[in-house]
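This report concerns only the one structure given below.
The values are calculated or read from the model by the stated rules, or taken from the named source; none is laboratory data. Because the structure is predicted, anything quoted here is derived from the model rather than measured. Glycine gets a Cβ as well: all are built from the backbone with ideal geometry, and neighbour counts include every protein chain shown. Surface accessibility is based on the protein's heavy atoms, side chains included, excluding ligands, DNA and RNA. Shrake-Rupley method; radii C 1.70, N 1.55, O 1.52, S 1.80 Å.
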Amino acid sequence: MQFYLSRREMKCGSSLSLVAVFTAVWACATGVLADTRSQKQPTVLIATLVRNKAHTLPYFLTLIENLDYPKDRISLWIQSDNNVDNTLDLLKTWLETEEKKYHNVYFTYDENSRGFEGEKGIADWNNARFNHVINLREEALANARNIWADFLLMIDADAFLTNPKTLSELISKDETVIAPLLKSDGMYSNFWAGMTKEYYYMRTDRYKPILFREEIGCHAVPMVHSAVLINLKKTESNLLTYNADKLGPQRYDGPRDDIITFAVGANISGIPLHICNDQVYGFITVPLESQDTISQDKQQLTNLKLEILAYQEQLPLSKNLARFVTYPVKDTLGMDKIYMINLLRRPERRERMRHCFKELGILAETIDAVDGRTLNESSLKEWGVKMMPEYADPYHKRPMTMGEVGCFLSHYVIWKKVVESGYDRVMVLEDDIRFEPYFRQKVSFITSEVERLKIDWDLVYLGRKRLQDQEEPPVEGSRYLVLAGYSYWTLGYLLSRRGAEKLLEAKPLENMVPVDEYLPILFDKHPRTAWKGHFPERDLIALSAAPLLLYPTHYTGERGYISDTEDSTVITSLPGTKTREEL
Ligand SMILES: *[C@@H]1O[C@H](CO)[C@@H](O)[C@H](O)[C@H]1NC(C)=O
Ligand SMILES: *[C@@H]1O[C@H](CO)[C@@H](O)[C@H](O)[C@H]1NC(C)=O
């Protein structure tokens with residue numbers, strides 16, 4: 001139940017006299033003293049066709065629940081058939097507790113249908129299936145018009161509206177047809193920036209700037225799909241349809257396809273379609289190829305969840321639905337150990353990584369990072385840290401920060417653990433990383449290739465910033481590995497015991513530079529001769545995954561970017577450290 005009382009005019013339970021208290025309580029209970037100027041939100045019908053989506057539904061439905069919009073102004077229209085998984089069980093479970101919160105729920109399903117005749121698999125689209133979907137969408141549209149819904153949100157069960165304001169934001173834009181930009185883990189999205197003469201997809205120069213939010217706003221485009229809001233209060237919306245027959249063969253000679261008919265029909269009726277990227281609204285899984293299976297769709301979902309986890313701490317999951325979600329069994333990907341470095345005072349990153357590991361089935365040990373903020377002159381002396389006299393940060397021309405020292409020491413502690421524990425190979429991960437799709441599989445490609453080709457290695461970068469343009473030579477016979485050139489960052493790497501020994505034996509604490517400068521020095525690809533002079537043994541064998549398997553979650557300067565190494569105190573008073581003025 002929602003009341004429409006204006007906060008300005010009355011606060012429940014804060015009145016003076018008993019009569020006033022009674023009046024206020026009564027008014028609160030009935031809502032009669034409502035502000036005459038306040039208005040109810042427009043009514044919305046959310047329509048979803050669901051088929052074999054038991055894996056995406058827990059998240060999809062949780063995000064619908066989380067929409068910041070009064071549920072008594074929303075009706076749901078859900079239609080599900082031809083399932084071979086437990087989609088129906090899940091929908092019924094959800095509706096048991098949620099149904100009463102909505103103005104109305106239209107739920108129709110077919111328990112017996114298992115597919116269309118001649119269908120080659122769950123991702124195969126033949127004419128019968130297209131016709132079926134066209135009819136259902138048309139039904140949803142008719143239903144919305146019939147109940148005088150102000151808006152219809154036509155949304156697929158693999159479109160995740162992670163931004164709770166999506167519905168209210170899109171409504172406020174007052175367009176006839178509008179869609180929130182939904183990102184995938186790659187180039188796929190829910191809009192087209194070009195269409196061929198035959199009405200099929202065409203990549204144009206406008207696509208990337210919209211997808212990557214370089215041009216912000218709501219853009220008119222030839223196609224939006226998967227999550228589309230239609231403003232039914234606009235007269236022109238009467239012309240919209242998913243059914244080609246309603247347009248007639250003179251006006252539409254395109255394929256029998258719900259979204260193409262809708263988009264082309266809108267265009268010939270003079271109704272523009274808009275895609276909005278003014279906020280991060282949500283995400284979408286990449287659709288399957290016709291021969292793909294549900295398990296491939298599950299993998300797509302895992303990839304997408306990891307992409308979402310590069311933007312937020314976790315993907316919400318309603319308690320009622322948690323039991324429908326399964327995770328892979330955890331292991332160490334063939335390593336003796338996987339370490340994850342995290343600062344205790346960054347619990348949100350630890351939490352985010354915990355969710356990533358759960359999705360990936362990674363068993364990792366968290367190493368509390370040495371916090372630069374707790375380091376001081378005397379504690380550094382205890383560590384035996386001396387700065388390399390020639391070092392100055394190449395961009396800022398400043399000595400090392402305490403954060404950078406802390407970061408170095410955190411990696412150093414792990415190298416020591418590797419040698420002391422007698423591990424043969426480990427993986428080291430920082431906590432601000434984004435995993436590439438199929439991370440698990442790609443790591444196993446690398447490890448099995450290393451074994452098959454008997455590749456000699458000490459360190460393999462999984463994520464880094466390449467600093468030189470020259471091609472890096474591939475490791476002989478390898479498909480996945482190159483010889484690493486000068487690189488920055490230590491997002492993640494594989495390390496062998498011999499690698500750890502070499503990194504320790506060079507006594508890096510006595511001539512400290514940031515850890516991502518130290519590694520290239522030891523594999524002898526560092527351009528600074530003076531720095532290298534401090535380390536006569538530079539025979540670390542460093543390879544890199546190509547393409548990389550890890551990227552930073554937030555690039556420098558992007559919203560949300562926090563650097564614990566670069567924003568901390570600059571060290572000026574330690575032995576061997578020059579001040580800014582001297583550099
Ligand atoms: C219809 O499509 C044409 C060709 O792409 C485009 O120039 C025109 O702006 C579109 N009309 C509307 C209303 O979107
Ligand atoms: C330096 O840090 C150590 C350990 O954090 C602390 O015990 C000590 O008091 C600090 N010394 C100074 C001079 O701040």
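See the values below:
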| quantity | calculated |
| --- | --- |
| Single residue of Tyr242, Tyr201, Tyr252 found to be touching a Phe, Trp or Tyr at 6+ places or on another chain (Cβ under 7 Å) and without any contact (Cβ under 8 Å) to a residue 40 or more places away in the chain | Tyr201 |
| Hits in region 475-485 - residues which are of a type in the set (Ser, Thr, Tyr) and in contact with a strand residue (DSSP E or B) (Cβ under 8 Å, 6 or more places away or on another chain) | Tyr480 |
| Some residue of region 185-197 being over 31 Å from the mean Cα position of the chain (by Cα), open to solvent by 20 Å² or more (accessible area, probe 1.4 Å) and more than 26 Å from Gln300 (Cα to Cα) | yes |
| Hits in region 389-424 (condition: at pLDDT below 90 and of a type in the set (Gly, Ala, Ser)) | Ala392 |
| Scope region 206-237; condition more than 21 Å from the chain's Cα centre (by Cα) and either without any contact (Cβ under 8 Å) to a residue 12 or more places away in the chain or at positive phi (or both); matching residues | Thr235 |
| Test: residue in region 106-117 that is surrounded by fewer than 17 Cβ atoms within 10 Å (Cβ to Cβ) and farther than 18 Å from Asn52 by Cβ | yes |
| Of all residues in region 360-394 being open to solvent by less than 20 Å² (accessible area, probe 1.4 Å), more than 16 Å from ligand 2 (Cβ to nearest atom) and of a type outside the set (A, V, I, L, M, F, W, C), the one that is nearest to the chain's Cα centre (by Cα) | Gly361 |
| Qualifying residues in region 124-144 (those that are assigned to a helix (DSSP H, G or I) and acidic (Asp, Glu)) - the one most open to solvent (accessible area, probe 1.4 Å) | Glu139 |
| Residue list for region 31-53, restricted to those being open to solvent by less than 10 Å² (accessible area, probe 1.4 Å) and within 22 Å of Ala123 (Cβ to Cβ) | Ala47, Thr48, Val50, Asn52 |
| Test result for Glu307, touching a residue at least 40 places away in the same chain (Cβ under 8 Å) and open to solvent by less than 30 Å² (accessible area, probe 1.4 Å) | yes |
| Yes/no for Lys246 being closer than 26 Å to Leu45 by Cβ, more than 16 Å from ligand 1 (Cβ to nearest atom), touching a strand residue (DSSP E or B) at 6+ places or on another chain (Cβ under 8 Å) and among the basic types (Lys, Arg) | no |
| Top-ranked residue in region 269-292 [being over 23 Å from Ala159 (Cβ atoms) and modelled with pLDDT of 95 or more; ranked as surrounded by the most Cβ atoms within 10 Å (Cβ to Cβ)] | Ser269 |
| Of the criteria (1) of a type outside the set (Val, Ile, Thr); (2) in contact with a Pro (Cβ under 8 Å, 6 or more places away or on another chain); (3) free of Cβ contacts under 8 Å to residues at least 12 places away in the same chain, which one Asn126 fails | (2) |
| All positions within region 47-105 that are among the charged types (D, E, K, R) and within 18 Å of Val325 (Cα to Cα) | Arg51, Lys53, Glu65, Asp85, Asp89, Lys92 |
| Cβ pairs under 6 Å, 6+ apart, first in region 376-395 and in the same structural domain as Pro514 (by TED's automatic domain parsing) and more than 16 Å from Leu409 (Cβ to Cβ), second open to solvent by less than 40 Å² (accessible area, probe 1.4 Å) and near ligand 2 (Cβ under 9 Å from one of its atoms) | none |
| Residue within region 274-292 that is within 21 Å of His55 (Cβ to Cβ), more than 16 Å from ligand 1 (Cβ to nearest atom) and assigned to a helix (DSSP H, G or I) present | no |
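Residues checked against (1) out of contact with any helix residue (DSSP H, G or I) (no Cβ under 8 Å at 6 or more places or on another chain); (2) open to solvent by 20 Å² or more (accessible area, probe 1.4 Å); (3) within 16 Å of ligand 1 (Cβ to nearest atom):
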{"residue": "Ala159", "(1), (2), (3)": "no, no, no"}
{"residue": "Glu175", "(1), (2), (3)": "yes, yes, yes"}
{"residue": "Arg206", "(1), (2), (3)": "yes, yes, yes"}
{"residue": "Ile216", "(1), (2), (3)": "yes, yes, no"}
